[in-house]
Amino acid sequence: MIFDNGWELFLDSGAFSFVDLKKTPPTLEQYASFCHKHRDLFSVIAPLDVIGSTDASATDTFRNYKRLRYDLGVPVQPTYHLFEPDDWLLRNLEEVHRHDGILLLGGMADKTLSRKRLVARLHQLFSRPDITDDEGRPRVRIHGFGVGDEKIVMRFPFYSADAQSWLTVGINGGCKFRINRHGRADFQFVYFSPESAEKGRHPHYSKISDHARGIVNTWLAEYGLTAEQVAASYQYRDVQNAITFQSIEDLGAERYQRQT
């Protein structure tokens, strides 16, 4: 189902949250029943993956994928976790090509994973000739689970990505704007809520110059928002931050479409 604004819905099984919250996940049959009941709502469906970075987790994830797709009739997409053995990457890529699908890339939301190690592994992955061509353009569509760092999303040719981190921007009283700086995409963070006035890490709307406020007002007005609204409610800040994160994702889709 594609909505009037052109956005589509992605069904995440919640496997990471079940582990993180120490909850019992649904059975494959229960999950399949939900997927069939609401199939028309979703353009992409994730399988019930098994979180990990070992051969055992990869084996279980692939088994769940095959059971859901081939036995239970749910058109789930294959999932590979970033630090699992490479032979599982090859098996999942075969499935992507077989169904003209999307590779769902997990294993990046681990709180113990350093940014340096994450970037190094992503560089290794996206340098593979079966992932990108000689000019770094994507050969396959890859969705990144738990990737909220805009610099990483823009550096590597993800087709799409998701994360909860963009919500914390609004919760902490701020908005993030995508802007052009010296001809390149960049981002500007501005605090709005009264509670964030003394945080100091980023500029607060009340303390910037009249000229700078005029620029920020223009950014907000583009989406029908005002400084008063985003200062008063995190819900309005969420609107702006969702738009910014969506614009980052759109870059990945554009890169893939130019290649194909």
(message) Quick test for you: out of VAL147, VAL119, pick the one residue that is touching a helix residue (DSSP H, G or I) at 6+ places or on another chain (Cβ under 9 Å) and in a loop (DSSP other than H, G, I, E, B).
(response) VAL147
(message) Taking the criterion of being in contact (Cβ under 8 Å) with a residue 60 or more places away in the chain, assigned to a loop (DSSP other than H, G, I, E, B), hydroxyl-bearing (Ser, Thr, Tyr) and out of contact with any Pro (no Cβ under 6 Å at 6 or more places or on another chain), would at least one residue in region 153-164 satisfy it?
(response) yes
(message) Can you tell me how many residues within region 65-91 are of a type outside the set (Phe, Trp, Tyr), crowded, with 20+ Cβ neighbours inside 10 Å, touching a helix residue (DSSP H, G or I) at 6+ places or on another chain (Cβ under 7 Å) and closer than 21 Å to PHE42 by Cα?
(response) 5
(message) Regarding region 184-206, can at least one residue be identified that is closer than 30 Å to ASP100 by Cβ and in contact (Cβ under 8 Å) with a residue 60 or more places away in the chain?
(response) yes
(message) Within region 167-182, does at least one residue satisfy the condition of being polar (S, T, N, Q) and under 28 Å from ASP86 (Cβ atoms)?
(response) no
(request) Scan (1) outside any helix (DSSP H, G or I); (2) closer than 13 Å to ARG141 by Cα for the single condition GLU84 breaks and write down its number. (result) (2)
(request) Could you grab me the full set of residues in region 8-37 that are among the aliphatic types (A, V, I, L, M) and assigned to a helix (DSSP H, G or I)? (result) ALA15, VAL19, LEU28, ALA32
(request) May I ask you to verify whether ARG141 is surrounded by 13 or more Cβ atoms within 10 Å (Cβ to Cβ), in contact (Cβ under 8 Å) with a residue 40 or more places away in the chain and either touching a His at 6+ places or on another chain (Cβ under 7 Å) or more than 22 Å from ARG237 (Cα to Cα) (or both)? (result) yes
(request) Assess whether ASP60 counts as being exposed (fewer than 14 other Cβ atoms within 10 Å of the Cβ), assigned to a helix (DSSP H, G or I) and on the phi < 0 side of the Ramachandran plot. (result) no
(message) Just the residues that are assigned to a loop (DSSP other than H, G, I, E, B) and surrounded by fewer than 21 Cβ atoms within 10 Å (Cβ to Cβ), please, taken from region 96-108.
(response) ASP100, GLY101
(message) So, THR27, is that one polar (S, T, N, Q), closer than 30 Å to SER114 by Cα and free of Cβ contacts under 8 Å to residues at least 60 places away in the same chain or not?
(response) no
(message) So, in region 180-228, how many residues would count as being among the aliphatic types (A, V, I, L, M), surrounded by 13 or more Cβ atoms within 10 Å (Cβ to Cβ) and part of a helix (DSSP H, G or I)?
(response) 5
(message) Please go through region 90-112 and give me each residue that is modelled with pLDDT of 95 or more, within 20 Å of ILE51 (Cβ to Cβ) and not basic (Lys, Arg), ordered by number.
(response) ASN92, GLU95, ILE102, LEU103, LEU104, LEU105
(request) Please go through region 53-76 and pick out each residue that is touching a residue at least 40 places away in the same chain (Cβ under 8 Å) and in contact with a His (Cβ under 8 Å, 6 or more places away or on another chain). (result) SER53, GLY73, VAL74
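The values are calculated or read from the model by the stated rules, or taken from the named source; none is laboratory data. Computed from a prediction, not measured in an experiment: that's the story for all the values here. Reconstructed Cβ throughout: ideal geometry from the backbone, glycine too, with neighbour counts over all protein chains shown.
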